[in-house]
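One structure is given below, encoded as structure tokens.
The values are calculated or read from the model by the stated rules, or taken from the named source; none is laboratory data. The shown structure was predicted, so the numbers you read here are calculated from the model rather than taken from an experiment. Every residue, glycine among them, receives a Cβ derived from its backbone with ideal geometry; neighbour counts consider all protein chains shown. Note: accessible area is taken over every heavy atom of the protein model, side chains too, but ligands, DNA and RNA are not part of it. Shrake-Rupley method; radii C 1.70, N 1.55, O 1.52, S 1.80 Å.
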Amino acid sequence: MEPFIRINSDNHDEWLEKRKNGIGGSDVASVLGVSPYKTNQQIYDEKAGLKEPENIDDKPVVKYGHDAEEPLRQLFMLDHPEYELFHDSYMILQSTEYPFMQVSLDGELTDVNTGEKGIYEGKTTIIHSSRDLDKWKDEIPIYYYSQCIHAMNVTGYSFFWLRVQISFAWNPDKKEIRDYFYRKEDVLADMEYVKQEVIKFWTENIMKGVRPGLKLPEL
């Protein structure tokens, strides 16, 4: 039996509303204090109902990333015929053990030979400096990695792939596709750490109404 339940939504607005009921993949980096986009205090304010999340859907970078999701997913499947992929844009997977842990996936993978289940995540990013590019050297930036680790905690799946399309600010015509693969047995310690931090944030801060101290990522 799967360690999660599937929560369906009929549209984008309903899906957004249901996301407020727990910690999702895009929230985890902020909870850990490693997100360059949003702090742990901002996530607390949103989950505690003190502030509505900012609607960034119309920002060009966000819109491009959204529009690129399906082409990237289709290209991944062409490159990896060893998998079947299931995707539902408005589905939330909610942990049965910790119902406040939830995730919406870019894709659920099934190995056609072994039956193993895994996670597909697709990203687009713009590189502005060599330091930005270094974050993708042999690994995923921590703010995306923590999202995938959280998804592994919710699903219990055996592996995850992250495909990224990298664009370069100094050369808009240049784009690069990279794939990163991780197996569950190699990330167990990280899974436990992320799980405990999410549990602590929800039980000690959200449930008790205690705003956390500010965590900021290292520059």
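Counting only C-alpha contacts under 8 Å and six or more residues apart, can you give the relative contact order of segment 78-219 as a whole percent?
Details: 195 pairs, mean separation 27.0, N = 142.
It comes to 19 percent, rounded to a whole number.
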Treat each spin label as a single point 7 Å out from the Cα along the C-beta direction, and report the ASP10 to LYS135 distance in nm. 3.9 nm
About the Cα centre, charge dipole magnitude for segment 1-159 (Lys/Arg +1, Asp/Glu -1 at Cβ), debye: 540 debye
Sequence gap at least 6, Cα distance under 8 Å: using those rules, report the relative contact order of segment 156-219 to the nearest whole percent. 24 percent
Express the accessible area of the chain per residue in Å², computed with a 1.4 Å probe while the remaining protein chains stay in the model. 55 Å²
Among HIS87, HIS66, HIS12, determine the one that fluctuates most according to a GNM of the chain built with springs between C-alpha atoms less than 10 Å apart. HIS12
Which value in deg cm²/dmol, rounded to the nearest 500, describes the helix-derived mean residue ellipticity at 222 nm for the chain, given -39,500 (n - 2.57) per DSSP H run of n ≥ 4 and division by the residue count? -10500 deg cm²/dmol
Given the protein chains as shown and a 1.4 Å probe, how many square angstrom of GLU192 are accessible, to the nearest 10? 90 Å²
Most mobile of ARG19, ARG183, ARG131 per a Gaussian network model of the chain (Cα springs, under 10 Å)? ARG131
Ranking SER89, SER129 from most to least accessible area with a 1.4 Å probe gives SER89, SER129
Starting from the coordinates of the alpha-carbon atoms of segment 52-144, obtain the Kirkwood hydrodynamic radius over all distinct pairs and give the value in Å to one decimal. 15.7 Å
Between MET91 and ASP186, what length in nm is gained on full extension when 0.36 nm per residue of separation is reduced by their alpha carbon distance? 31.4 nm
Among segment 2-29, those whose backbone N falls under 15 Å of a label point 7 Å along Cα→Cβ from TYR193 are 29
ILE140 accessible area, assembled protein chains, probe 1.4 Å, Å²: 10 Å²
Fluctuation leader among ALA68, ALA48, ALA169 - the chain, Gaussian network, Cα springs under 10 angstrom: ALA169
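When a/c is below 1.5 the answer is rounded, else prolate if a/b is larger than b/c, else oblate, so apply that to segment 64-116 with a ≥ b ≥ c taken from the square roots of the Cα gyration tensor eigenvalues.
Working: a/c = 3.65, a/b = 1.28, b/c = 2.86.
Oblate, because a/c is 1.5 or more while a/b does not exceed b/c.
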